Amino acid sequence: MNQRRPVWSSLLRMVLLAVVAVAALPGGPGGARVASAATNTLHISVVSARTEPKYPNGAPGAPGVTAGTAITHYKYIINEDNVGDPAQARNAGCSPSNANYPANCHWPSIQAMTGSSPIVTQGDQSSLDASLHGLNLPDGKYLISVMADNFKIDGAHFTMPLANSTPIKVGLQPLPLPTATLRAQVFEDNAPVNSGPDLPAERGLAGFRAAITDSLGEVTTDAYGNPLCT
């Protein structure tokens, strides 16, 4: 009996090693997860796009926000992306020698534009989030726009079906937005006419007046309320 114990002990060790090896295989118990299959179910993860110590109002002692912080209250709208396909190969329908050109060319510069992008759906965090609530969408190209209090509106393009079930990340810029300096250079564009300064042939021009406008009209003050150029 004493001579058999080492044999049984060795067999037991071999069985245990085999179990451990199987468990370590991809997809096995405790092993790496098999990649998710393509899906038409959309989930989104809305986060702060950057760290802003003065969030939300720029006042001293503001709580601030860190890049990647989840935004839990937001509204969204999803539009069909119908601007075309700039990546379409020329020989796949965008050559003038093609009998169906330009009808089958979907380059944005060639195909007819409708002037609007149809709304597919809209809602808030109660109908679309990173895990609990998803949206089933047909195959196609889309743009989702998201807005939240004290953040700039932002969004993301995506195409259905998605490669996997990972949520689409939408980063929103927190307020106050960082400022930037705008400089203008006016020049005589004639050698050649190409919207670029070809120096030294094209000289700068003085005595001009520039106007900055947005959707509400002409902009006359900077971010701090000072008259422009003061």
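Some notes on this structure:
- Test: residue in the range 134-146 that is free of Cβ contacts under 8 Å to residues at least 60 places away in the same chain and of a type outside the set (Phe, Trp, Tyr): no
- Some residue of the range 57-75 being closer than 22 Å to residue 137 by Cα and assigned by TED's automatic domain parsing to the domain that holds residue 145: yes
- Any chance residue 109 is farther than 27 Å from residue 57 by Cβ and not basic (Lys, Arg): yes
- Residues located in the range 136-157, provided they are part of a strand (DSSP E or B) and buried (at least 18 other Cβ atoms within 10 Å of the Cβ): 142, 144, 146, 151, 155
- A single entry from 180, 191 fulfils the requirement of being surrounded by 10 or more Cβ atoms within 10 Å (Cβ to Cβ), of a type in the set (Gly, Ala, Ser) and farther than 19 Å from residue 41 by Cβ: 191.
- Residues of the range 65-95 satisfying the condition of being more than 23 Å from the chain's Cα centre (by Cα) and either in a strand (DSSP E or B) or among the small types (Gly, Ala, Ser) (or both): 89, 92, 93, 95
- Identity of the residue in the range 54-88, among the aliphatic types (A, V, I, L, M) and modelled with pLDDT of 95 or more, that ends up surrounded by the fewest Cβ atoms within 10 Å (Cβ to Cβ): 70
The values are calculated or read from the model by the stated rules, or taken from the named source; none is laboratory data. Quick caveat: nothing in here was measured; it's all calculated off a predicted structure. FYI the Cβ positions are ideal-geometry reconstructions off the backbone, even for glycines, and counts take in every protein chain you see.
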